[in-house]
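The values are calculated or read from the model by the stated rules, or taken from the named source; none is laboratory data. What you are looking at is a predicted structure, and each value in this text was computed from that prediction instead of being measured. Heads up, the Cβs are rebuilt from the backbone with ideal geometry, glycines too, and the neighbour counts pull from every protein chain shown. Ligands, DNA and RNA are stripped out before the accessible areas are found, and what is left, the full protein with its side chains, is counted by its heavy atoms. Shrake-Rupley method; radii C 1.70, N 1.55, O 1.52, S 1.80 Å.
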Amino acid sequence: MLSSHFRTVGKLVEKVILVPSAQLSGVNTHFNVLHSTVTSCNELPKKLNKAERKPLVTSFNELKRQARLKKKEIQKVHEIILEPPENGLLVQQLVPIAHQVYAARSELLSTVSTLVKYTVIYTCSLCREVHVGHPPHKIRTCDVKGSLSSKEHSWVKGGIEDVLPLVESFHLYDRIGRAVSHKEMLEVDRIPAIVELCVQAGFDIPEYPTRRRAFPVYCVAGRVIDFEKRFPKEVSPGKDIDTGGFWYKKKRLHEVTNSKELHSDDIRAIAVRGMKAWEKMCTGASKLMEKYAVQTCGYCPEVQVGPKGHRVRNCQAYKHQMRDGQHAWQEATINDLVPPVYVFHVPDQKHGELLVNELKKYYGMLPAVVELFAQAGAPVGKSYASTMREDVVVPEMSEEKWVV
């Protein structure tokens, strides 16, 4: 008799667990929604400590396995077949994508430089946290050396460099040549890393010439053999280079963006264009990185576009003395090439809602450039739904104490 009662209770518990809370009759689901907001947003990248290394794209065991196979191949004296771009040739299918990424980046810079005039960008002078829109939030997350005891931020007005941080890389004339040495640190140009990726993938910029091979290189017993002449006669690296091109383009962009005042509909149209350019640039760069290797330091933001990292000893991150200033190179991701600066998302953008510290667990986060476009009226894609947390109901201050 007692065992049959236990079986009946067990079946009832299983049914209650399997049935969703919204289907239970007579249950108020409003509190279930509020309870779900207590959970943190796990989709955001983890903030690393100074002693922590960036997560590896390829595990250590897989890297060691590949190194063992490569060592065995080198010991055999035979030709190792190289595929583009390892053999110095371009991947022809990715050349149009390189042009699209460069055009999308130019469009993105143009739209952001226009919208920052109508939306205030704040940055903390101590911890460099960013907030998009007015007024800046009151969330106490400033926990660095010299910060206030209340952990409140010291806000100052920022600019486009706070929304879109510039990540530079050494420009390589020959991507499969030798790496940049420490003595060449001031002799080799540094350009935006995503521009260098486009150049190596087939986009030509006269100011930054690069070597385009007509014949592939060969690898025999681990040694790369190049039968082409170093500087063919038909190639003249210094030809058609406009030395004042950069300053002219910068001045021209300044003139275009300041030509006239924009209406609200125009601002929304610019934001929509900028959002599409951002997504196209990130998607295209990810496709390029599948073939064209990009390296990043495991402890600092340094990036080098190419099959191997440079040898410049300028790393000042964790235990750099043990490496003599050398970088701990590893495979990079799209977030290393185009770092998203995550900011708190303002739910009520029309009224400029003030974000308070007591309700910080209910707020979502977005990359700063996406938040800038969202506040200007552009729709946000579904890929940001989990971090944006639009399904979360933000309670009033008087209701928050009742939330369990």
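Quick look at the values:
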quantity: Accessible surface of segment 346-388, 1.4 Å probe, proportion on carbon and sulfur as whole %; calculated: 55 percent
quantity: ³J(HN,Hα) computed for each position of segment 194-204 - Karplus, 6.51 cos²θ - 1.76 cosθ + 1.60, integer Hz, glycine/proline x; calculated: 6, 5, 4, 5, 5, 5, 5, 8, x, 8, 9
quantity: Where segment 289-390 is the region considered: accessible area per residue in Å², 1.4 Å probe; calculated: 45 Å²
quantity: J(HN,Hα) series, segment 331-346, from Karplus relation 6.51 cos²θ - 1.76 cosθ + 1.60, nearest Hz, glycine and proline x; calculated: 5, 8, 10, 5, 6, 6, 6, 10, x, x, 8, 6, 10, 6, 7, 8
quantity: 1.4 Å probe accessible area per residue over segment 75-180, in Å²; calculated: 51 Å²
quantity: Residues whose placed amide H lies under 5 Å from that of Val343, excluding near-sequence neighbours; calculated: Leu366, Ala368
quantity: Accessible surface of segment 161-229 [probe 1.4 Å, protein heavy atoms]: carbon and sulfur percent; calculated: 58 percent
quantity: Close Lys-Lys pairs in segment 54-144, where close means Cα under 28 Å and separation is 8 or more or interchain; calculated: 6
quantity: Theoretical gain in end-to-end length, Asn335 to Lys46 [0.36 nm per residue, Cα-Cα removed]; calculated: 102.8 nm
quantity: Phi to ³J(HN,Hα) by Karplus 6.51 cos²θ - 1.76 cosθ + 1.60 over segment 357-364, Hz, x for Gly, Pro; calculated: 6, 5, 10, 5, 6, 9, 8, x
quantity: Net charge of Cβ neighbours under 11 Å - reference Val343; Lys, Arg +1; Asp, Glu -1; calculated: -3
quantity: For segment 265-404: lysine pairs under 16 Å (alpha-carbon distance), excluding those fewer than 8 apart on one chain; calculated: 5
quantity: Residues with amide H under 5 Å from that of Ser169, placed H, sequence gap 5 or more; calculated: Ile191, Ala193
quantity: Distance (nanometres) between label positions extended 7 Å along Cα→Cβ at Arg268 and Asn314; calculated: 4.5 nm
quantity: Amide H partners (placed H, <5 Å) of Glu129, local residues excluded; calculated: Cys124
quantity: Label-to-label distance, nm, for residues given as Leu89 and Ser150 (7 Å Cα→Cβ offset); calculated: 6.6 nm
